[in-house]
Every structure is written in C-alpha cells, then in structure tokens.
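Heads up, the thing below is written out as structure tokens.
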Amino acid sequence: MDSFHTSVLLKEIISGLNVQKNKNYIDATIGGGGHSFEILRLGGIVLGIDCDKDAIDYVGENWKLESKRCGIPEKNLILVKGNFRDLDKIAHLNNFDKISGIIFDLGVSSHQLGAAQRGFSFQKEGPLDMRMDQDLNLTAKDFIYALTKGELYELFTKLGEESNAREFSNLIVMARGVKPIETTRDLAMIFEKIPSRRVWGINRATKIFQALRIAVNDELNAIREALPKAVNMLEDEGRILVISFHSLEDRIVKRAFLEFEEKNMGKIITKKPITPTKEELGINRRSRSAKLRIFERNI
Ligand SMILES: C[S@@+](CC[C@H](N)C(=O)[O-])C[C@H]1O[C@@H](n2cnc3c(N)ncnc32)[C@H](O)[C@@H]1O
C-alpha cells in the first residue's frame, strides 16, 4: 500500500472516528485505502469514494486479497468512482443514507504526484494535465491557454496565495506566445527566469502548480459543497473528520464546522486542529502540513 500512498494521521483518524462493528462509514477520498482498511479491520462497513479511477482499481485489487487474509467479507467495502461533491446521491444509491462517520483526506495521493503522466509535479516531465478525475474535460494546459493575463493573476493570487502573481502571469502570457507550453517542465522552466526561484527552500513553481491543480479539480468548491451534505447524513454522535493540507481548505473546514455549531447541529471536537507527531513527521514528510479537524453531530 505504501507505494501508492502512505496514510496521514492514521491513528488519529481511527481514534477520532470511534469505529464500531457493523456501522456504516464513508471514506470520501479512499486513495490507497489505508484509512479504510483500518476501519474495515475494526469491523466497520465502508463506502469508499474517489474521483480517480486508478485509486478505485488499486484498492479493489488489494481489498480482494486483504479481505481474504483477514477473514472479512469482501462486500464490507463498496467502491464508487465519483466526486464527493455528489456525496448525497452516491450514498443514497448505495443505502448509506445514515452513517456513523465520514472522512475526507484532501488533496492528491503520492501515486498521483509520482506518476509523471498525470502531470502534477514539476519535478517530473509529463503532460500539463493535473486532473484527479481522468474524465474531466479541462486540463491544466487548457487553463494556461484559456485564461487572460488578469485571470491568471487572480488564480495565482487566490488559489496559490502567490505574492508575485503578476510577474508569473506576465511570464506565462509572454511564453505562450513564443512556443507551446505542453509539459510540466515547459511551465516550470518559464519561472527559471525569476532570480530568486527558491524562497524558504520551496520552489517558486510550487504555488503556481498548487493554484492550477486546485482550479482544474475545483477542489475548494467540492469540499464546500460536500460538508453540509455530510453533516446531514450523520447519526447521533456521528463524526466528520477532515484532513486538509493548506490554509484555503482548512479555512473552509473551520468555517463550516463553526456554522454547524451555531446551528446547534453538534460540537467541534478539535478546538485546535490535530497535527502529526514528531514521529510521523520523521517517517512521512508529506504529512508536514496536515491538519485534522473533527465535528460531532448531536441530534
Ligand atoms: C490524500 S489522498 C487520500 C489517501 C487515503 N486517505 C489513504 O489513506 O490512502 C486524496 C484522494 O482524494 C481524491 N480526491 C480528491 N478530491 C476528490 C473529490 N472531490 N472527490 C473524490 N475524490 C477526491 C484524490 O483522487 C486522491 O486519491
């Protein structure tokens, strides 16, 4: 499972979820299946969703073996390729209208980042794609070409929180008029011209790639739409757990939970988000920006 994705905050997710035998749980971002398999081993029934076909295929294959190995009925895991923004519909179709808990582990999997042909990483040459869901119509390249200079500026400012957004958008508009920007490397190379490419050890292209990825996958709207659906599906004492990886997502989660509390729908369990232990940080660098927030429904 490690090669596909190493689960972040696994212990914290499992204890926060308080898994009970034969209760229904949704894993809205099943990825490599690490969180789900632990819930299944503890006797939970899981509806696993992912918009990436690779994740669904990978987990399906592994679960065949793992369920046999652990003596758990294979049917305890239902897999659906879909977007969690359609959570209510997907859950209804699978008789998961009422659930004891739901997890969202946002962002990309290590598999997506590592597979050059998926186009998420500027460290690997691949087509400028960045779609988590291979059925989406628009790729990052389409965004690079379709947006005006002003729109690129806005995108990099809002979704990349990039302070030099103007310089980046100018460079892209100049470059795309000279020769095609087809690959991740083509895009990253455009920023080579910016003198101080590395700020605090982070490559400048990082924020631009982040902004494009969020836009291509409409990530912020997806979580914004999914959380109110999730809270309405929870049984009494059922919980929503969200791991976010950057401030824009975390802000949305924090605000949604506050709103649920104001509406007397339940209580926020994590006054401050839970972050990885030193031990986890030492093993998994990708966990460094993870923040876990938990909300409990009370009916
Ligand atoms: C960080 S990984 C999840 C890893 C997983 N928890 C594990 O332990 O292996 C995030 C996954 O969420 C999926 N994803 C992101 N946004 C999604 C959305 N709106 N709907 C469905 N899946 C989504 C991605 O395709 C990716 O596979």
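What to note about this one:
- Close pairs (9 angstrom Cβ cut-off, 6 or more residues apart or separate chains): within 14 Å of ARG213 (Cβ to Cβ) in region 150-164, among the hydroxyl-bearing types (Ser, Thr, Tyr) anywhere: LEU155/SER169; PHE156/SER169; GLY160/THR206; GLU161/SER247
- Lone unmet requirement of (1) closer than 26 Å to MET132 by Cα; (2) among the polar types (S, T, N, Q); (3) out of contact with any Leu (no Cβ under 8 Å at 6 or more places or on another chain) for ASN217: (3)
- Tally of residues being in contact (Cβ under 8 Å) with a residue 60 or more places away in the chain and either hydroxyl-bearing (Ser, Thr, Tyr) or not in a helix (DSSP H, G or I) (or both) across region 10-27: 8
- Candidate set: region 102-125, residues that are out of contact with any Asp or Glu (no Cβ under 9 Å at 6 or more places or on another chain) and closer than 19 Å to ARG204 by Cβ; chosen: the one surrounded by the most Cβ atoms within 10 Å (Cβ to Cβ): PHE122
- Within the option set LEU17, LEU9, LEU40, LEU77, being aliphatic (A, V, I, L, M) and farther than 21 Å from ILE294 by Cα holds for one residue only, LEU77.
- Residue list for region 52-79, filter: touching a Lys or Arg at 6+ places or on another chain (Cβ under 7 Å) and within 24 Å of ASP133 (Cβ to Cβ): LYS53, ILE56
- Residues in region 274-283 that are in contact with a Ser or Thr (Cβ under 8 Å, 6 or more places away or on another chain) and within 19 Å of GLU249 (Cβ to Cβ): 1 in all.
- In region 41-67, residue surrounded by the most Cβ atoms within 10 Å (Cβ to Cβ) [restricted to those that are out of contact with any Asp or Glu (no Cβ under 8 Å at 6 or more places or on another chain) and without any contact (Cβ under 8 Å) to a residue 12 or more places away in the chain]: ASP57
- Options PHE37, PHE4: the member that is touching a residue at least 24 places away in the same chain (Cβ under 8 Å) and assigned by TED's automatic domain parsing to the domain that holds THR270: PHE37
- Among the residues of region 231-251, those identified as under 25 Å from THR6 (Cβ atoms) and surrounded by 18 or more Cβ atoms within 10 Å (Cβ to Cβ) are ARG239, ILE240, LEU241, VAL242, ILE243, SER244, PHE245, HIS246, LEU248, GLU249, ASP250.
The values are calculated or read from the model by the stated rules, or taken from the named source; none is laboratory data. Since we're looking at a predicted model, the values are computed, not measured. Quick reminder, even Gly has a Cβ in these numbers, built from the backbone with ideal geometry, and neighbours come from all protein chains shown.
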